[in-house]
Amino acid sequence: MNEAYIVGAVRTATGRKKGRLSNLHPVDMGAIVIDELIDQTGVPTNGVDDVIFGVVSQIGSQAGNLGRNVAMSSKLDLEVPGTTVDRQCGSSLQAIQFGAQAVMSGTQDVVICGGVEAMSTVEIGSNIRDGLEHGRGTPKGDRLELQYPGIQFSQFDGAELLAEKYEITRDELDAFGLKSHQRASEATKNGLFKDEVVPLNIKLEDGSADVHDIDEGIRFDASLESMQGLNPLREGGVITAGTASQISDGAAAVMVANRDAVERYNLPVRAKIHSLAVVGSDPVIMLEGPIPASKKALEKAGLEINDIDLYEINEAFGSVPLAWAKAMNASEDRLNVNGGAQALGHPLGGTGAKLMTTLVNELERRSARYGLVAICEGGGTANAMIVERMDQLPE
């Protein structure tokens, strides 16, 4: 079987809700990161076999097969197809998995895998609300109601249940939320994101032009006192707005290729996709899936958690990576070392590719070997992937 190599990975800097990217169409954001991959790798515009893009709220500007629209809006030839994936918050990590499977099988040689979410324009859950308002039904059918009678699946409830199960306190959460902002601040000040971020030309509210290249949600002056002063999102709970992921706009994309394509186009080999996993878990607690997904990916790779140099576990809520670290007996020193979604944002459909982009760049910076990405997802599913840094094809 062929191996799958990451030969390019880029992202936009995220924008805050109603912030600097709120007037940029999600299809255009997606096209911009694809164009950057083409420019960086030198792959011909007809040399890509497919574009697989994740997006969660498929309505309005994100409807109508966004993946194909992104491909048509980019430098790629019209003959390059595109499709759209919804694995909730792990949509673009699933896109990378589908792309990896395609090039491993040899049915395709080069696939661009990514995702986008314009949450300022298309609010989370707007597709569901629109359906309800227009009498188009509810996502929960009779059979699911029999399985989970009277239960409304909620990520907010899941975050609290996860904290309770793994005995994570409000103090732990506040300290971890602060660390996310501090790490993101340091990474930004030291230029660590410079190589992975595609600068975006934007127009501000006053009509003036500007360049967006810094993640807008980072609180450079964050303090423990400010974190502790926030009210919980649920009465009696421990999760606050400071320990939840930020609503964001952004896009990211990864180019995956097999050996034939690497040799044909003389592509830079940055990492090998070592193993991948997707699992289902309890949809009520919902956010625990990264734990079994990571264990499955490690087992497939024949590795232990201590073999992994860096972990990117999406900070949907602070309780997710903290529970993961406790369950996996993983070092927090290797966890989200440049900050996570509490500071850098969580543009739903684009987050998996965003995290992979940051991970590959940090592995290269440290000359480290293995990295792991895992993301919790609505409905109690989770994706995990292990990559191995490389700088050339193995013999």
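Results, tabulated for the structure shown:
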| read-out | value |
| --- | --- |
| Qualifying positions in the range 343-365 - over 8 Å from the mean Cα position of the chain (by Cα) and not β-branched (Val, Ile, Thr) | ALA343, LEU344, GLY345, LEU359, ASN361, GLU362, LEU363, GLU364, ARG365 |
| Identity of the residue in the range 104-132, more than 19 Å from THR83 (Cα to Cα) and among the acidic types (Asp, Glu), that ends up surrounded by the most Cβ atoms within 10 Å (Cβ to Cβ) | GLU123 |
| Qualifying positions in the range 346-395 - among the charged types (D, E, K, R) and modelled with pLDDT of 95 or more | LYS354, GLU362, GLU364, ARG365, ARG366, ARG369, GLU377, GLU388, ARG389 |
| Verdict on ASP174 being closer than 30 Å to LYS326 by Cα, touching a residue at least 12 places away in the same chain (Cβ under 8 Å), charged (D, E, K, R) and in contact with a Leu (Cβ under 8 Å, 6 or more places away or on another chain) | yes |
| Residue, farthest from the chain's Cα centre (by Cα), within the range 186-216, restricted to residues that are surrounded by fewer than 19 Cβ atoms within 10 Å (Cβ to Cβ) and in a helix (DSSP H, G or I) | LYS189 |
| Options ARG334, ARG369, ARG365: the member that is in contact with a Leu (Cβ under 9 Å, 6 or more places away or on another chain), surrounded by fewer than 20 Cβ atoms within 10 Å (Cβ to Cβ) and either within 28 Å of PHE153 (Cβ to Cβ) or without any contact (Cβ under 8 Å) to a residue 40 or more places away in the chain (or both) | ARG334 |
| Enumeration of residues in the range 133-163 that are surrounded by 13 or more Cβ atoms within 10 Å (Cβ to Cβ) and either assigned to a helix (DSSP H, G or I) or within 24 Å of the chain's Cα centre (by Cα) (or both) | LEU144, PHE153, SER154, GLN155, PHE156, ASP157, GLY158, ALA159, GLU160, LEU161, LEU162, ALA163 |
| Residue selected from the range 263-302 under the condition assigned to a helix (DSSP H, G or I) and touching a Leu at 6+ places or on another chain (Cβ under 7 Å), by the criterion surrounded by the most Cβ atoms within 10 Å (Cβ to Cβ) | SER294 |
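The values are calculated or read from the model by the stated rules, or taken from the named source; none is laboratory data. Note that the structure is a prediction, hence the values are computed from the model and not measured. Cβ sites come from the backbone with ideal geometry, for glycine too, and all protein chains shown count toward neighbours.
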